[in-house]
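Before any comments, here is the structure.
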Amino acid sequence: MAEFSIGHRRYRTKGEAKEAVREVLYQYTVGSIVDQEDDHLLLLDLLDMHHEADDKIGPGVEAFAIAPPQRGTYPGFEVIRTDGSRIDFSYQTCLKPPTYRQQVMNVMRDEVKSAINAFFESRRAAGSLVSDQSGTPLNSSNTAVSYFQGPSFVDIAEEFAKMVGGWEAIELTPSTEPGLGRFKDRDLVERWFSHHQERAVLGLLSSQENQRRPRR
């Protein structure tokens, strides 16, 4: 049976995913803040699927609100950024098939997951699970590995794509999971892994601190 994903959430169909988003939209009144953590996290992952996510997120997401109808009679979602600015986004656009750039970037994230996990485990083994931003002690269930101290993940990925001739030069295998394949050229994986290791400056944040950062 076909599956559709929003972050780690799996839905049987795209229609089922759409209904999950609509449930969030209509359980709040127009103008109100989406204040339930699970709803907020769903919208963060949904927004990350927007083809203009970087522009929509801007300096970081503080919260989401229910926006009045822009066109027609239906309300929508609005991003409240950490600098106080606001911008609307279409959940329908987020649920469209990912662009090739988005597909490749998803694979890139997956290919360096071992490095991210190794960084976290090294900090835990050293007894240094504290936020590199605030100094707050962290626990394993409330910790995020972030790129906030150096170039963003998106910047690192863009650099690599440019080095190898553009996004289309990175061929992927057919997807084995929703929206996720693998690099066809495994030598290219090694080059990507090395580039990421050279450029990534990782740090630890609390999950809440990380949610408020620009997409990294």
**Prompt:** What nm value, rounded to one decimal, do you get for the distance between Leu41 and Ser207 when each label is placed 7 Å out toward the C-beta?
**Reply:** 0.4 nm
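Please list Tyr91, Tyr26 from largest to smallest accessible area, probe radius 1.4 Å, with all protein chains kept in place.
Details: Tyr91 20, Tyr26 105 Å².
Ranked list, largest accessible area first: Tyr26, Tyr91.
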**Prompt:** Can you list the HN-Hα couplings for the range 126-141, worked out from phi with the Karplus curve (6.51, -1.76, 1.60; θ = phi - 60°), rounded to whole Hz and with x for Gly and Pro?
**Reply:** 7, x, 10, 7, 10, 5, 6, 9, 10, x, 5, x, 10, 10, 4, 7
**Asked** Is the range 44-133 best put as rounded, prolate or oblate by its Cα gyration tensor, with a ≥ b ≥ c the root eigenvalues, rounded for a/c under 1.5, and otherwise prolate when a/b is larger than b/c, oblate when not?
**Response** oblate
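Per residue, how much accessible surface does the range 66-133 expose to a 1.4 Å probe? Answer in Å², no decimals.
Numbers: 3650 Å² over 68 residues.
Value for the range 66-133: 54 Å² per residue.
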**Request:** Taking Cα extents along the principal axes in Å as the quantity of interest, determine which of [x] 50, 39, 35; [y] 52, 42, 32; [z] 76, 56, 38 was computed from the displayed structure.
**Result:** [y]
**Fill in**
Residue by residue through the range 28-41, the couplings from Karplus 6.51 cos²θ - 1.76 cosθ + 1.60 with θ = phi - 60°, in Hz, x for Gly and Pro, are 10, 8, 4, x, 8, 8, 6, 9, 8, 4, 4, 5, 4, 5
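May I ask you to derive the relative contact order of the chain, considering only C-alpha pairs under 8 Å and at least 6 residues apart, and to give it as an integer percent? Write down the numbers at each step before the final one.
Values: 299 pairs, mean separation 45.0, N = 216.
Relative contact order for the chain comes out at 21 percent.
Ordering Phe120, Phe64 by how much accessible area each has at a 1.4 Å probe, largest first, what is the list?
Phe120, Phe64
First compute the accessible area of the chain with a 1.4 Å probe, then give the percent of it belonging to carbon and sulfur atoms.
Working: 5540 of 11530 Å².
The computed percentage sits at 48.
Distance check, please: which entries in Lys56/Lys162; Lys18/Lys96; Lys56/Lys96 exceed 20 angstrom between their Cα atoms?
Numbers: Lys56/Lys162 23 Å; Lys18/Lys96 11 Å; Lys56/Lys96 16 Å.
Beyond 20 Å between Cα atoms: Lys56/Lys162.
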**Item:** 1.4 Å probe accessible area per residue over the range 1-64, in Å²
**Value:** 55 Å²
**Request:** For the range 122-199 and the range 72-101, write down the distance between their C-alpha centroids in whole Å.
**Result:** 25 Å
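The values are calculated or read from the model by the stated rules, or taken from the named source; none is laboratory data. What you see is a predicted model; the values in this text were computed from it and never measured. FYI the Cβ positions are ideal-geometry reconstructions off the backbone, even for glycines, and counts take in every protein chain you see. All accessible areas refer to the heavy atoms of the entire protein, side chains included, with ligands and DNA or RNA removed. Shrake-Rupley method; radii C 1.70, N 1.55, O 1.52, S 1.80 Å.
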